[in-house]
Ligand SMILES: [Zn+2]
């Protein structure tokens, strides 16, 4: 495991804090199958228009770690709670691979030791209050057990075990990840959410979103659709069964793609949805 020091290159603009204010280590995943901090920074700047960066450390797919900020610099990670967070992210859209898990255990133990943080204060992003996200794709209970079993010395990391699948895994699909929401995407969504599987989103109002769907997957009318009700419940937005900009915004927020309420043809949020349906992690 190599430590790549990119602290002098990372996005600036972040506030400082006293290290004594750090109470938690937050574990994230990038929700992308590849990439590194530089790629994520281009996305944050270009797509979100942010001028501050995320994650103190990023664990790459080969197990190396990019060190982006000193601990006294606040980084983006857990919305509204970052003044007390030390954010560590691994690159991936599911569980970390064996090399990443080894590095994660080593880096979390090293930082726990620095900040005097108990294993119970090491949490996945989704475990913090008010966070509507599936981040990270790691069983945090199992992860914490590996921390308590291990030494807090960075030179003696706990032995890695085989990563376990995300307990939230559902049926896997094999969709083309093309960002086009047509019948097959609807079917996979219906299967994942446990509603009748016919590939049709029924009784929809005509709006910018329903009209951006592909190839006969939508039927217009009034009353709303079962699969959209199930989707809305999952992503925590008013469950009226009608697909519109508010539901798209909630979905974008849930999946971590840019939030504008627009369903493009093709669409980034649909691509991410398809990726998650394929991985069984939606
Ligand atoms: Zn996260």
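For this structure, a couple of remarks:
- Residue match in the range 72-79 (condition: within 13 Å of the ligand (Cβ to nearest atom), assigned by TED's automatic domain parsing to the domain that holds residue 14, surrounded by fewer than 15 Cβ atoms within 10 Å (Cβ to Cβ) and part of a loop (DSSP other than H, G, I, E, B)): yes
- Candidates 83, 61, filtered to the one that is in the same structural domain as residue 117 (by TED's automatic domain parsing) and part of a loop (DSSP other than H, G, I, E, B): 61
- Test: residue 87 is more than 12 Å from the ligand (Cβ to nearest atom) and either out of contact with any helix residue (DSSP H, G or I) (no Cβ under 8 Å at 6 or more places or on another chain) or in contact (Cβ under 8 Å) with a residue 40 or more places away in the chain (or both): no
- Subset of the range 2-11 (residues that are farther than 27 Å from residue 134 by Cα and either within 16 Å of the ligand (Cβ to nearest atom) or in a loop (DSSP other than H, G, I, E, B) (or both)): 2, 6, 7, 8, 9
- Residues satisfying the stated conditions in the range 31-46, i.e. in a helix (DSSP H, G or I) and touching a strand residue (DSSP E or B) at 6+ places or on another chain (Cβ under 9 Å): 37, 38, 40, 41, 44
- The listed residue being touching a strand residue (DSSP E or B) at 6+ places or on another chain (Cβ under 6 Å) and not assigned by TED's automatic domain parsing to the domain that holds residue 138, out of 241, 221: 221
- Test result for residue 136, under 30 Å from residue 114 (Cα atoms), surrounded by 19 or more Cβ atoms within 10 Å (Cβ to Cβ), at pLDDT 95 or above and not assigned by TED's automatic domain parsing to the domain that holds residue 259: yes
- Looking only at the range 13-30, and only at residues there that are out of contact with any strand residue (DSSP E or B) (no Cβ under 9 Å at 6 or more places or on another chain) and not in a helix (DSSP H, G or I), the one that is modelled with the lowest pLDDT: 13
- Some residue of the range 43-59 being farther than 23 Å from residue 123 by Cα, away from the ligand (no atom under 16 Å from the Cβ), buried (at least 16 other Cβ atoms within 10 Å of the Cβ) and over 16 Å from the mean Cα position of the chain (by Cα): no
- Count - residues of the range 215-259 that are within 14 Å of residue 270 (Cβ to Cβ), over 26 Å from the mean Cα position of the chain (by Cα) and assigned to a loop (DSSP other than H, G, I, E, B): 2
- Considering residues of the range 145-171 that are surrounded by 14 or more Cβ atoms within 10 Å (Cβ to Cβ) and closer than 30 Å to residue 216 by Cα only, the residue modelled with the lowest pLDDT: 169
This table checks each residue for (1) at pLDDT 95 or above; (2) under 24 Å from residue 141 (Cα atoms); (3) touching a helix residue (DSSP H, G or I) at 6+ places or on another chain (Cβ under 8 Å).
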| site | (1), (2), (3) |
| --- | --- |
| 53 | no, no, yes |
| 57 | yes, yes, yes |
| 61 | yes, yes, yes |
| 68 | yes, no, yes |
| 76 | no, yes, yes |
| 81 | no, yes, no |
| 93 | no, yes, yes |
| 96 | yes, yes, yes |
| 104 | yes, yes, yes |
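- Across the range 95-126, the number of residues qualifying as within 16 Å of the ligand (Cβ to nearest atom) and assigned to a loop (DSSP other than H, G, I, E, B) comes to 2.
The values are calculated or read from the model by the stated rules, or taken from the named source; none is laboratory data. Just so it is clear, the model here is predicted, and its values are computed rather than measured. Cβ sites come from the backbone with ideal geometry, for glycine too, and all protein chains shown count toward neighbours.
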